[in-house]
Amino acid sequence: MGQGTAAAGAISMRAYSTDLRERIVRAVAGGLRQREAARRFWVGVTSVRRYLAQYQQAGSLERKPIPGCPRRIGRAQEAILLARLEEAPDATVLEHCAWWAEHQGQQLSEATMWRALRRLGWFGGGAAGGGAAGCRGHYLR
């Protein structure tokens with residue numbers, strides 16, 4: 001099924017390789033029509049047009065960086081947070097935020113802390129252990 005993989009009804013798409021993009025652009029530059037190139041390389045016509053425009057504007061077909069801000073709690077800091085979670089497993093998300101501000105000097109929102117906790121495999125929901133429904137208590141595990 002190409003680049004995407006189906007998991008629980010969702011499709012995860014990954015960017016096409018730079019090599020494939022270059023082959024598409026070379027094919028069109030060599031006289032192949034855009035629709036024919038799309039069919040030959042199993043990509044959408046829109047992708048072909050986007051790669052041609054990118055090559056004309058930037059002279060490169062390298063992947064663009066993912067937009068958005070970098071994580072507030074990066075991969076290097078996740079070990080610190082994991083140690084904190086193991087030290088205080090009954091603390092609320094707000095208590096973890098306060099601890100982080102005190103020890104790391106960085107104010108975090110509840111949402112930022114929740115995202116970090118989920119990345120580390122810690123899920124909320126109190127004794128039931130599922131989801132964030134009724135999450136004002138914010139106890140974990």
- region 75-128, Rg to Rh (Cα coordinates; Rh as Kirkwood inverse mean 1/r): 0.92
- May I ask for the equivalent-ellipsoid semi-axes of region 1-121, computed as the square root of five times each C-alpha gyration tensor eigenvalue and listed largest first in whole Å? 45, 17, 10
- Computed curve, region 5-58, Cα-only Debye sum without solvent term, log₁₀ I(q)/I(0) at 0.13, 0.14, 0.23, 0.25 Å⁻¹, is -0.35, -0.39, -0.84, -0.94
- Note on the structure: With the charge dipole of region 67-107 built from beta-carbon charges (+1 for Lys and Arg, -1 for Asp and Glu) about the Cα centre, the Cα from ALA101, ALA88, GLY68 projecting farthest to the positive end belongs to GLY68
- Query: Hey, what do the phi angles of region 20-26 turn into as Karplus ³J(HN,Hα) couplings, whole Hz, using 6.51/-1.76/1.60 and θ = phi - 60°, x for Gly and Pro?
  - Reply: 5, 4, 5, 5, 5, 5, 4
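Quick note: the coordinates plus some simple rules give every number you see, no bench work behind them. Values in this document were obtained by computation on a predicted structure and should not be read as measured data. Please note: Cβ atoms are built from the backbone with ideal geometry, for glycine as well, and neighbour counts cover all protein chains shown.
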